[in-house]
1. Which of the residues that make up segment 208-245 are within 17 Å of Leu161 (Cβ to Cβ), assigned to a loop (DSSP other than H, G, I, E, B) and β-branched (Val, Ile, Thr)?
2. Can you confirm whether segment 121-135 contains a residue that is assigned to a loop (DSSP other than H, G, I, E, B) and under 20 Å from Ala224 (Cα atoms)?
3. Tell me whether segment 120-127 contains one or more residues that are over 30 Å from Glu195 (Cβ atoms) and either within 16 Å of the chain's Cα centre (by Cα) or surrounded by 14 or more Cβ atoms within 10 Å (Cβ to Cβ) (or both).
4. Out of Ile84, Ile70, report the one residue that is out of contact with any Pro (no Cβ under 9 Å at 6 or more places or on another chain) and either of a type outside the set (Val, Ile, Thr) or under 25 Å from Val220 (Cβ atoms) (or both).
5. Those residues that are within 17 Å of Glu114 (Cβ to Cβ) and either in a helix (DSSP H, G or I) or more than 12 Å from the chain's Cα centre (by Cα) (or both), I need them from segment 74-91; list them, please.
6. Here is a list: Ile38, Ile54, Ile60. Which entry is in a helix (DSSP H, G or I), buried (at least 16 other Cβ atoms within 10 Å of the Cβ) and aliphatic (A, V, I, L, M)?
Amino acid sequence: MAFVQLLKKTDKSAAPDGKKLYAIGDVHGCADLVDILIEKIAEDAGGLDAAQLIFLGDYIDRGPDSKGVIDRMIAIQKSQPQSIFLKGNHEALLLDFLSDPEDMFHWLEWGGEETLLSYGISDIIRRPSEELAAELSEKMPKAHQTFLRNLDLIQIEGDYLFVHAGVRPGVDLDDQQEEDLLWIRRRFQNATRAERPPYIVVHGHQPLKNPLDKGWRIDVDTGACWSGKLTAVALEGATRKFIST
C-alpha cells in the first residue's frame, strides 16, 4: 500500500509553473521498489510523460540488484529524457574502487560486495582488490560505466535545490565541494537560518523511518534496502506530498 502524506505549504516552496517534480530517495539496489514507485508516480501524475523524475543518488550497494537498478535508470533516461540523475556517495565509492582498488577496498564494507555479486562476481572476500576491480570493469556494461561517470551533483528547479546529501552551510553554491554534496550530514542538517541556502533543499543520504519535511529541507531517504519503503516527494506549484512503496 502506498504511503501518501500531504505536507504544509511554506512561504517559499514553488516548483516551476507547469512542472510536476518527483524527487526519489536512495534506491540502494532495490530494483523491484523502483518499479513499484514509478508505477505509483505515473498514476499520481496522470502518466509518466507528465512527470519530471529527479533521482537523488545511491542507486547501488546494500540491496540485492544494483545491476538491475542501473538497467532501469538507463531505460528511464532513454524513455523520459527530462529526468535528472544525481550522484550519491556510493556511486563515488564504486568509481574510486575502479580507479584505486587497493586503497578503496573498504567499499566492500559499505555494500559493495552486494553490488559485485549483482554483476556476477563471486568469491569476493578472498580475492585481491585489483582482481575484483578488473573483473567488475569487464563485466559491467559500458553503458553502466558511462551512466555512473556522467551523473550530476546538483539540480535547481524553481525554489528547490536537489542534491544527494546536502550543502556546506554558509558557502556559496558555486563554491560547494563534491565531498560535501555527497557526504555531509550533521553540519548541514544543523545549519542556522543565516547559513542556509536560498532554496529548499531536497536530499537523501540520511535514512529515516519516515520522510521528513523541516520546511527548509526535505529528506526522502527511507532506507529502502532495510525497510522496503522507497520514497519520492511530489512537488507541483506550492503543493508537496510524499509517495512511498
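Each value in this text was obtained by applying a stated rule to the coordinates, not by laboratory testing. Treat the numbers as computed from the prediction; the structure is a model and nothing was measured. Note that each Cβ is placed from the backbone with ideal geometry, even for glycine, and that neighbours are counted across all protein chains shown.
1. Listed by number, the list holds a single entry, Val220.
2. Kept after step one, since they are assigned to a loop (DSSP other than H, G, I, E, B), are these residues of segment 121-135: 121-128.
Keeping just the survivors that are under 20 Å from Ala224 (Cα atoms) gives none.
No, the conditions are met nowhere in segment 121-135.
3. Filtering segment 120-127 down to residues over 30 Å from Glu195 (Cβ atoms) leaves 120-127.
Among the residues that remain, those that are also either within 16 Å of the chain's Cα centre (by Cα) or surrounded by 14 or more Cβ atoms within 10 Å (Cβ to Cβ) (or both) are: 121, 124.
Yes: segment 120-127 contains one or more residues that are over 30 Å from Glu195 (Cβ atoms) and either within 16 Å of the chain's Cα centre (by Cα) or surrounded by 14 or more Cβ atoms within 10 Å (Cβ to Cβ) (or both).
4. Ile84
5. First, pick out the residues of segment 74-91 that are within 17 Å of Glu114 (Cβ to Cβ): 88-91.
Selection gives Asn89, His90, Glu91.
6. Exactly one residue qualifies, and that residue is Ile38.
Residues checked against (1) buried (at least 17 other Cβ atoms within 10 Å of the Cβ); (2) over 16 Å from Asp58 (Cα atoms):
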position: Ile84; (1), (2): yes, no
position: Phe97; (1), (2): yes, no
position: Ala134; (1), (2): no, yes
position: Met140; (1), (2): yes, yes
position: Leu182; (1), (2): yes, no
